[in-house]
Amino acid sequence: MAANALDRQLTELEASRYRFGRHEAARVVKLLERLDAARFADTASLIRFHEALLFLRAFPQGPAVVRVTGRILNSFHKKVEALRKGGADMDDFEPIEVSGIAGTQMEDTLSFDVASWLIERMPNKVEIAWENYEPGRELGTIGPRFIPLIEDDAYVEADTPWRRWLEEAGGKVGRKTSASPAWLPSWLMERFEQLPLPEQQKAELYESLRVPLRWNLENSVISRTRNWKPVRSVYYHSEALISRSQVSLANELAGRPPQLTRLSRRQGEQVMDLIREVMLVRYRELYGTTLGDPASVVRSEVRADLGTHEAGRGVSIYLWNLPPDRRLPLRAYVAGLTLKNGVPVNYIEAIGLCEWMEVGFNTFYTFRGGEAGWIYAQVLRCLCHLMGTTCVSVYPYQLGHENEEAIESGAFWFYRKLGFRPGRAELQKLAEREEDRIAADPKYRTRARTLKRLAAGHVFYDLPKNDLPGSEVGAWDRFSTRNIGLRVNRRMARDFGGDAVLMREHSRRALERSLGMRSGGVSTSSWTPLEKAAFENFALVLADVPGLRAWTREEKEDLIRIIRAKAKADEMLYLHLTQRHGRLRRALLTLGSE
């Protein structure tokens, strides 16, 4: 097919994503068939075809569109391979916006947990990218744990052959070696996993090596091309997609609460595998997508009376917490993933304390024209219900602070038009001035420089008040747990000479006295290690709370219950308990707002 003809058909296919009607599905299928039979001579055109296929698989006009897009995507690696054999520049597949296409190669420096998972999922297909790696002295420091006598070379020689040491120790003799043997990462990972250390320390040691790994996706289901899942019931679009201007966040949040169902551990593990696949091929890792607790996964429930997902329109929302041994000291953490007709379309991160929640929501590039505002509203419905949130905060990066992509997309206005308000008075006034200019001139567009100013602070959405103590509008506008942490560290430097161990011990004893735990016979001696760690963390914070001894007996008992809940199986119990302790809430707000 001539280049001009191919470009016209791709343009027509891209336009068809937003056309709906009685015969539109048949037209889309014919166009897909023609493009499937075409010869692609350049990577840019093939990438355009790939992205349109994924969008149509998520937002299909009919069953035939689902069948044809699925068939083409499942064999898409052959088109990539044809380009490679034709001498195309394969570097075009590397940018984060289009990475992860079947048939391409990926390279990244992964965390211990994800590297271990990937090596297990793709045995003998992951290699070290040696041309981009020179270990240096860090391997000399860590290597003696599993490479005998390496100290005699690493400690005193300037030309230590690090790769040779690893390959010899890993059993190079008798193996089918290559320029970069695929068995070596597996051997290396086994050595770290066998170290007699806690998991977090193993991870810290491995990650200090900064090992770049490379793998070929081939036709793997881990690829972005194929990591969608079949669903029992597909939602077909016969009318225009819901635009952001049609979404009333107030109405969505005021509706009846969503139904969330806890999955079995096995189902939860499948979700954890999926989110790792989704993030891996997009060169992304979040704390909660890497370390999610499979026992905590909930999803939007299926309504038996309608036979559709609770969120509706083919949308399924999955949310989960961190396992007890990986939790944050103060805040509760929720991560999540949204599927549209089985296709991953965005990921979610929410971190909360009391009734306040800071949320991150990232729709993948391919789907940013697909009902993002409405899906965001459904995600907030689920998060607010699960976490008990009445104050939603969006951090500046999401708005465009040090994030050019968000500036280019006008992310601030996405949130503003949904009802979010800047937390800083000067930014609220600036937003109002820009709104006046837009109202006076529909062609007016906010300049990038102004968008960067607007993105300098958090924005907030306040739900109607409920029976939570003191949930007044604006209470959390200046709050940050970073303020609490920095305050604790200033006290450590001032009063304990920078000795964290000494400060922890002193703070623990002080909190025990303030709560009457010694005189009352109550002791932490029978607590689990995680409960004791939670007690120490709270002791560091509460040392700066005046009048703690004057709290009522009930308030002190409730505080102990909150601290122990931090280590329980369900972290949402901890979060909900903090919402009901008015005095603790006020103390945390004061410490974090200064």
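Brief remarks follow.
- Listed peptides 41-54, 81-94 appear in the order 41-54, 81-94 once ranked by packing, highest mean of other Cβ atoms within 10 Å at the front.
- Two numbers describe the Cα atoms of the chain: Rg and Dmax, which are 26.9, 87 Å.
- HN-Hα J in Hz across region 529-546 - Karplus 6.51, -1.76, 1.60, θ = phi - 60°, x for Gly and Pro: x, 5, 5, 5, 5, 5, 4, 5, 4, 5, 4, 4, 6, 6, 4, 9, 9, x
- The string of couplings for region 99-110 from the Karplus curve (6.51, -1.76, 1.60, θ = phi - 60°) is 5, x, 6, 3, x, 9, 10, 10, 9, 7, 9, 9 Hz, one whole number per residue in order, with x for Gly and Pro.
- Here K340 is the anchor, and the lysines within straight C-alpha reach of less than 21 Å, apart from those fewer than 8 places off in the same chain, are K229.
- The Rg/Rh ratio for region 450-594 is 1.00, where Rg is the radius of gyration of the alpha carbons and Rh is the Kirkwood radius.
- Once C-alpha pairs closer than 8 Å and six or more residues apart are averaged by separation and normalised to the residue number of the chain, the relative contact order reads 12 percent.
- Shape of region 376-523, Cα gyration tensor, a/c cut at 1.5: prolate
- All lysines inside 22 Å of K556 as judged from Cα atoms, apart from same-chain residues fewer than 8 positions distant: K532, K566, K568
- With θ taken as phi - 60° and the Karplus curve 6.51 cos²θ - 1.76 cosθ + 1.60 applied, the whole-hertz 3J(HN,Hα) list for region 206-215 is 4, 5, 5, 7, 6, 7, x, 10, 10, 8 Hz, x standing for glycine and proline.
- Loop-located GluC sites (Glu not before Pro) in region 211-275 (DSSP state other than H, G, I, E, B) with a sparse environment of at most 13 neighbouring Cβ atoms within 10 Å: E239.
- In percent, rounded to a whole number, the relative contact order of region 481-592 is 28, using alpha-carbon pairs under 8 Å and six or more apart.
- Computed over region 86-180, the quotient of the alpha carbon radius of gyration and 2.2 N^0.38 Å is 1.33.
- Built amide H within the under 5 Å cut-off of E355, gap 5+: none
- Qualifying lysines (Cα of each under 24 Å from Cα of K443; at least 8 residues distant if same chain): K417, K429, K452
No lab work stands behind these numbers, since they all come straight from the coordinates. Keep in mind that what you see is a predicted model, and the values were worked out from it rather than measured. Neighbour counts run over all protein chains shown; Cβ positions are idealised from the backbone, glycine included.
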